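Worksheet: the structure to be examined is printed underneath.
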Amino acid sequence: MAIPSLQDGIDKAGSPIGLLWQPNAEPWTPEVVEREYVGWRQEQAAWHEGVALLNLSHHMFDLWIEGPDATRVLAEYGANNFEKFAIGQAKQYVPVTRDGKIVTDGILARRAENKYLLSGVPAAQHWVQYHAEKGGYDVGFETDASSAFRPGGGDPKLFRYQIQGPLALELIEKVFGGPLPETKFFHSTPVTLDGRDFEALRHGMAGQAGYEFIGPWEHAGYVHEAFLKAGEPLGLVQVGALAYTTPSVESGWIPSPVPGIYVDPELAEYRAWLPLFGIEGKRPLNGSYFSEDIEDFYVSPYELGYGKLIHFGHDFHGRDALLKAKDEPRRTKVTLVFDADDVRRVVGGGEDAGFVLTYARHRVETSAGLVGTTMQTASIDPVGTVLAQTLIDSAHAEPGTEVTVVWGEHPGLGTDPEADLGFPRIRATVQASPFDRHARTEYRRNA
């Protein structure tokens, strides 16, 4: 029996929205790791005030891309600058459709002259592999799915441990017997721990100092235990799946935007190539903002803040559309700070409001009507309320602007998108994105 494709799913559902719209969908959280170790509040506090260990080994897809045409295919289907891409460096990979809409991003690391590792949500991996195979590029692929989807189960090929927070560098010095070599942001340096070789990627979250340690799974247990033991006197806290999903709300990264692939006739073959039971067919849409047109959910890399990553010095798929859109009006990425009293009133939890996490697209309104949509919303305990990464009309993007968020779940097809369904409103104030000042101003200064 043939495996159903994404196009099969769209045809059966009647439309992309019919396939993807799922009111009250459970928010995604990383697999395998505990949801909480000591509680999400303490875990969030750790990377703000102390030191935190995050296990990223299980939830990301990895795609190794190797061969004489590896750089060529990545450059021809990505908007990044490949003229300046050192071995050992990583970049936020930005693949776009011919209409200049994001497919979704990923972390692309250059491992050797003709070898790369693309990690993250697998939509970008699918895009690159499909076009490489269709175009006859001289390149090979090796895939390691996330632990929830790895065929036959088993362990990942790589471990990934992040050490983050104000005490991160002190802990790292204890583990390795001294400071690591000076390393630029999103560059890696080789490290050795008791004869075990791996690498340290200079990386941070929510503006905090830190590294991501990446290496062969055979060393995972030893490295993990070494950090736990050395970190105990410093109050090291392991971060669970709930808290792990929240730093992006402070750091200004919008995870898993809707890929711009669902209706373009020229991508019919691509949709027939994609499996239905993949990220493109199974990542749900929900929230108070609803449209029957999937294209209303597409986003530009400019809206996501990726304009500085786009390099027009080479020809790439979607270049003309991005060049045209460069100076066109568009939405602005902002952080909404929810009124704490309204959060308790609408979401619940009394004086001690509970954990909030959603990737729902909630309507953002002013007296003029709809002005934007939320993209990810989460409780941030050190801030004392809920924050939401939001795309908003530029006229309403000035910090301090007051808006309201419509909190509810539109039922979907069959109900007017503009119907007043009696959903409660939460007052919110526009602030900059990234919300964290260090992440906003100095985070990538030496990249």
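The values are calculated or read from the model by the stated rules, or taken from the named source; none is laboratory data. Bear in mind the structure is a predicted one, so any value in this text is a computation, not a measurement. When we count neighbours, we look across all protein chains shown, and the Cβ atoms used for this are built from the backbone with ideal geometry, even at glycine. For the accessible areas, the whole protein counts, side chains as well, though only heavy atoms, and no ligand, DNA or RNA atoms are used. Shrake-Rupley method; radii C 1.70, N 1.55, O 1.52, S 1.80 Å.
When you look at Phe141, is it farther than 25 Å from Leu274 by Cα and either free of Cβ contacts under 8 Å to residues at least 12 places away in the same chain or part of a strand (DSSP E or B) (or both), yes or no? Reasoning before the result, please.
Details: farther than 25 Å from Leu274 by Cα: no; either free of Cβ contacts under 8 Å to residues at least 12 places away in the same chain or part of a strand (DSSP E or B) (or both): yes.
Taking the combined requirement at face value, the residue does not satisfy it.
Rundown of residues vs (1) open to solvent by less than 50 Å² (accessible area, probe 1.4 Å); (2) within 22 Å of Lys101 (Cα to Cα); (3) part of a strand (DSSP E or B); (4) not aliphatic (A, V, I, L, M), yes/no style:
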| position | (1), (2), (3), (4) |
| --- | --- |
| Leu336 | yes, no, yes, no |
| Arg345 | no, no, no, yes |
| Thr377 | yes, no, yes, yes |
| Leu387 | yes, no, yes, no |
| Thr390 | yes, yes, yes, yes |
| Val405 | yes, no, yes, no |
| Leu413 | no, no, no, no |
| Asp416 | no, no, no, yes |
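The set of residues in segment 298-315 that are open to solvent by 10 Å² or more (accessible area, probe 1.4 Å) and either over 20 Å from the mean Cα position of the chain (by Cα) or closer than 25 Å to Ala360 by Cβ (or both) comprises Tyr298, Ser300, Tyr302, Glu303, Gly305, Tyr306, His311, Phe312, Gly313, His314, Asp315.
State yes or no: is Gly240 open to solvent by less than 20 Å² (accessible area, probe 1.4 Å), among the small types (Gly, Ala, Ser) and at pLDDT 95 or above? Against the criterion (open to solvent by less than 20 Å² (accessible area, probe 1.4 Å), among the small types (Gly, Ala, Ser) and at pLDDT 95 or above), Gly240 qualifies.
For segment 154-171, a residue qualifies if it is out of contact with any strand residue (DSSP E or B) (no Cβ under 6 Å at 6 or more places or on another chain) and among the charged types (D, E, K, R), and the qualifying residues are Asp155, Glu170. Of the set (1) out of contact with any strand residue (DSSP E or B) (no Cβ under 9 Å at 6 or more places or on another chain); (2) over 22 Å from Glu250 (Cβ atoms); (3) of a type outside the set (A, V, I, L, M); (4) modelled with pLDDT of 95 or more, all apply to Gly307 but (2). Of everything listed in (1) touching a Ser or Thr at 6+ places or on another chain (Cβ under 6 Å); (2) under 22 Å from Glu409 (Cβ atoms); (3) not small (Gly, Ala, Ser), the single unmet condition for Pro259 is (2).
Taken over segment 191-202, the residue count meeting the criterion of being crowded, with 19+ Cβ neighbours inside 10 Å, free of Cβ contacts under 8 Å to residues at least 60 places away in the same chain and among the aliphatic types (A, V, I, L, M) is 2. A count restricted to segment 7-34 and to residues that are more than 24 Å from Ser147 (Cα to Cα), touching a Gly at 6+ places or on another chain (Cβ under 7 Å) and in a loop (DSSP other than H, G, I, E, B) stands at 1.
Restricting attention to segment 15-27, the residues being open to solvent by 80 Å² or more (accessible area, probe 1.4 Å) and either of a type in the set (A, V, I, L, M, F, W, C) or closer than 16 Å to Leu274 by Cα (or both) number 0.
Within the option set Glu232, Glu250, Glu218, being under 30 Å from Val356 (Cβ atoms), part of a helix (DSSP H, G or I) and among the acidic types (Asp, Glu) holds for one residue only, Glu250.
Of the residues making up segment 170-192, those that are more than 30 Å from Ile279 (Cβ to Cβ) and in a loop (DSSP other than H, G, I, E, B) are Gly177, Gly178, Pro179, Leu180, Pro181, Glu182, Thr183, Lys184. The lone criterion from (1) open to solvent by 50 Å² or more (accessible area, probe 1.4 Å); (2) modelled with pLDDT under 95 left unmet by Lys12 is number (2). Is it the case that Glu266 is among the charged types (D, E, K, R), open to solvent by 30 Å² or more (accessible area, probe 1.4 Å), at negative phi and free of Cβ contacts under 8 Å to residues at least 60 places away in the same chain? Here the answer is no, as Glu266 does not meet what is asked. Would you check which residues across segment 317-370 are hydroxyl-bearing (Ser, Thr, Tyr) and touching a residue at least 60 places away in the same chain (Cβ under 8 Å) and list them? Thr332, Thr335, Thr358, Tyr359 - these are the residues of segment 317-370 that are hydroxyl-bearing (Ser, Thr, Tyr) and touching a residue at least 60 places away in the same chain (Cβ under 8 Å).
The residues listed here are Thr377, Thr415, Thr429; of these, the one that is touching a helix residue (DSSP H, G or I) at 6+ places or on another chain (Cβ under 9 Å) and at pLDDT 95 or above is Thr377. Against the test of being buried (at least 21 other Cβ atoms within 10 Å of the Cβ), closer than 29 Å to Pro68 by Cα and either among the hydroxyl-bearing types (Ser, Thr, Tyr) or in contact with a Cys (Cβ under 6 Å, 6 or more places away or on another chain) (or both), the options Ser188, Ser146 yield a single qualifying residue, Ser188.
Can you go through Glu173, Glu182 and tell me which one is surrounded by fewer than 18 Cβ atoms within 10 Å (Cβ to Cβ), at pLDDT below 95 and on the phi < 0 side of the Ramachandran plot? Before you say what the answer is, go through the steps one by one.
Working: Glu173 fails: at pLDDT below 95.
Sole residue among the options that is surrounded by fewer than 18 Cβ atoms within 10 Å (Cβ to Cβ), at pLDDT below 95 and on the phi < 0 side of the Ramachandran plot: Glu182.
Would you check which residues across segment 263-283 are among the small types (Gly, Ala, Ser) and assigned to a helix (DSSP H, G or I) and list them? Quick ask: steps written out before the conclusion?
The first filter runs over segment 263-283 and keeps only residues among the small types (Gly, Ala, Ser), leaving 268, 272, 278, 281.
Those that are among the small types (Gly, Ala, Ser) and assigned to a helix (DSSP H, G or I): Ala268, Ala272, Gly281.
Here are Tyr289, Tyr302: which of them is in a loop (DSSP other than H, G, I, E, B), aromatic (Phe, Trp, Tyr) and within 28 Å of Asp416 (Cβ to Cβ)? It would help to see each step written out before you state the result.
Working: Tyr302 fails: within 28 Å of Asp416 (Cβ to Cβ).
Selected residue: Tyr289, the only one of Tyr289, Tyr302 that is in a loop (DSSP other than H, G, I, E, B), aromatic (Phe, Trp, Tyr) and within 28 Å of Asp416 (Cβ to Cβ).
Among the residues of segment 157-169, the one identified as assigned to a loop (DSSP other than H, G, I, E, B) and either without any contact (Cβ under 8 Å) to a residue 12 or more places away in the chain or open to solvent by less than 10 Å² (accessible area, probe 1.4 Å) (or both) is Gly165.
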